[in-house]
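The values are calculated or read from the model by the stated rules, or taken from the named source; none is laboratory data. A quick note: this is a predicted structure, and the numbers were derived from the prediction, not measured. All Cβ positions, glycine included, derive from the backbone under ideal geometry; neighbour counts span all protein chains shown. All accessible areas refer to the heavy atoms of the entire protein, side chains included, with ligands and DNA or RNA removed. Shrake-Rupley method; radii C 1.70, N 1.55, O 1.52, S 1.80 Å.
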Amino acid sequence: MLQSRRSVKIVTALANMAMRVASLLCRLGLTFYIAYQLGLEAVALYGFTVGAAAIMTAVSGLGISWRITRFIAAEATAATVARVRDRIVQRLVVQLPIVLVGGCLAAGLENVPMSLLFPAAVIVMLEPIVVDLHQACVYRHRSLAGNFALFLRSASWIPVTVMLGLLDEQWRTSEMVLLGWASGLVVAIGFVLMLGLWHSAARKGLLWPIDWRWIQASGLSSPIVFVSELGATGLLYSDRYIVALLLGDRAAGAFTFIWSIINAVVPIVQGGVFNQMTPQLASQWRRRQWHGWLTSLNAAMSHTTWMSIAFGVAAMLAALVLLRVAYFPLSISKVAFASLMTIATVVRMRADVLHHALYSAEQDSDWIAVNILSLVLGPAMALIGIGLFGLVGAGMQMVVVAVALYTMRLRLLRRAQIVAREQSGPLVF
């Protein structure tokens, strides 16, 4: 029985990683297609949309995602499905006025085509929903289903979009790329909904009345966590807007091109390590299984490190080769930025393991404080670095911030886990 469970875990991890690798390859192809066929300015536009969707996910999250994931991990299926549904309703209530106001403001700008606004609005509205559905699947130990939904959202539409663009010039537009992305989101949501309707307990939860009282009471009930989530998101996505502000859209396009390919390492590692690690750590800590918790954490750190290095170097080389193949010159600044970002990605993934460890140990004040600090540290370092050194400065600040986050989280984790270390041995990283 133990051997069978171990085999299932290995197969699940490999399948999750395979889907993330497939998504990486599709994203790599899409980034190259946009750069080669539409130009670096179009890559910048694509990157701005990615950033807007991520920021909307944090804003409409209202700082309560951590409470919902713990609820999902602990409660029965029907109750968790009802809570996730209410969470989606809550997001839509928050997002709709923001999208309407943002659309009206964007429509007043001269350089924003109206044909881009509708698919961009759909993407910004649906991306947070897919994130919620993926997290729900993972915390219910259905990581395969959750990652397949992410594959549908991230990659399934790319081959069709690229093929249409290559066959007919009228489909070779930024609008078509955004429409393909929006369609992938719709398919992903439909897939998870189909799974819910197929499962009897989940179907029962979907039919429960909407808890409007919970929706109203939970709104911004954790303002400090809300600020911390904005900090974590701003740390990842503020750079491209600062590059555009200080260096122009073409430089922002080059930044986004390299960033998109190298950052694809993150979902691969998440699929291969984090999806298994996160619920496991939470469960072991809750049951006070100190030795198992430390063993799982050390193993996750080891796997994260070698996967990040291997895929990071491969992604960096691919980004530089594709940038040259697309007839864009390989300047020293681009090579230096790609190298520095690869180093920062490895360190940041290790820091993310520590974040999940603090979360599983319910050290909420610690991980919240680090995230809030990153809200100031990330953009401030980006402004200084990019302002002084251009793209190289962007890479430098990534490394500095990643090292700072890793150091702070490691110190906090070592301080918080004294009991666990005394009973089960030291952390090995």
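Which one of Thr77, Val89, Gly103 has its Cα pushed farthest toward the positive end of the charge dipole of the range 1-145, where Lys and Arg give +1 and Asp and Glu give -1 at the Cβ?
Positive-end residue among those listed: Thr77.
In the range 282-422, what percent of the accessible surface is made up of carbon and sulfur (1.4 Å probe, ligands and nucleic acids excluded)? Can you show the working numbers first?
Numbers: 4240 of 6140 Å².
Whole-percent figure for carbon plus sulfur exposure: 69.
With +1 on each Lys and Arg Cβ and -1 on each Asp and Glu Cβ, how big is the dipole of the chain about its Cα centre, in debye rounded to the nearest 20?
Working: 32 positive and 18 negative charges, 310 e Å.
About 1480 debye.
What is the range 256-400 by shape, rounded, prolate or oblate, if you read a ≥ b ≥ c off the alpha carbon gyration tensor as root eigenvalues and call it rounded for a/c under 1.5, prolate for a/b larger than b/c, and oblate otherwise? Write down the numbers at each step before the final one.
Working: a/c = 3.50, a/b = 1.71, b/c = 2.04.
It comes out oblate by the Cα gyration axes.
May I ask you to derive the relative contact order of the range 253-342, considering only C-alpha pairs under 8 Å and at least 6 residues apart, and to give it as an integer percent? Show your work: numbers first, answer last.
On the way: 57 pairs, mean separation 38.3, N = 90.
This gives 43 percent for the range 253-342.
Which residue, chosen from Ile262, Thr233, Pro279, occupies the Cα position most advanced towards the positive end of the dipole of the range 195-292, where the dipole is computed from +1 (Lys, Arg) and -1 (Asp, Glu) charges on Cβ about the Cα centre?
Going by the charge dipole, the pick is Pro279.
Tell me whether the range 261-339 comes out rounded, prolate or oblate; compute the Cα gyration tensor, take square roots of the eigenvalues as a ≥ b ≥ c, and use a/c under 1.5 as the rounded threshold. Don't jump to the answer; show the numbers that get you there.
Values: a/c = 4.71, a/b = 3.62, b/c = 1.30.
It is prolate, given that a/c is not under 1.5 and a/b is the larger ratio.
When the helices in the chain are scored as -39500 (n - 2.57) per DSSP H run of 4 or longer and the sum is shared across all residues, what 222 nm value do you end up with, to the nearest 500 deg cm²/dmol?
-29000 deg cm²/dmol
Looking at the square roots a ≥ b ≥ c of the eigenvalues of the Cα gyration tensor of the range 186-264, which shape do they give, rounded for a/c under 1.5, prolate if a/b is larger than b/c, or oblate? Walk me through the intermediate numbers first.
Working: a/c = 4.05, a/b = 1.78, b/c = 2.28.
Oblate.
Charges at C-beta only: +1 for Lys and Arg, -1 for Asp and Glu. How large is the resulting dipole of the range 1-157 about its Cα centre, in Debye rounded to 20?
Working: 14 positive and 6 negative charges, 191 e Å.
Around 920 debye, computed over the range 1-157.
Determine the relative contact order of the range 105-202: mean sequence separation of Cα pairs under 8 Å and six or more apart, normalised by residue count, in whole percent. Walk me through the intermediate numbers first.
Values: 84 pairs, mean separation 32.0, N = 98.
Taking the mean separation of contacting Cα pairs over the length of the range 105-202, I get 33 percent.
Let me see the pair-distance distribution of the chain: every alpha carbon pair, 20 Å bin width, integer percents in order.
25, 61, 14, 0
Quick one: putting +1 on the C-beta of Lys and Arg, -1 on the C-beta of Asp and Glu, what dipole do you get for the range 147-295 around its Cα centre, in Debye to the nearest 20?
Here the range 147-295 has a charge dipole of around 760 debye.
Using Cα-Cα distances under 8 Å and only pairs 6 or more residues apart, what relative contact order does the chain have, in percent? All intermediate terms of the calculation are to be shown ahead of the outcome.
Values: 563 pairs, mean separation 92.3, N = 429.
22 percent.
Compare the Cα positions of Tyr33, Ala15, Ser60 along the charge dipole of the range 1-157 (+1 at Cβ of Lys, Arg; -1 at Cβ of Asp, Glu; about the Cα centre) and return the one farthest towards the positive end.
Ala15
With every protein chain kept in place and ligands, DNA and RNA left out, what is the accessible area per residue of the range 73-226? Probe 1.4 Å, answer in Å². Present the calculation step by step, with values, prior to reporting the outcome.
Numbers: 7980 Å² over 154 residues.
With all protein chains present, the range 73-226 gives 52 Å² per residue.
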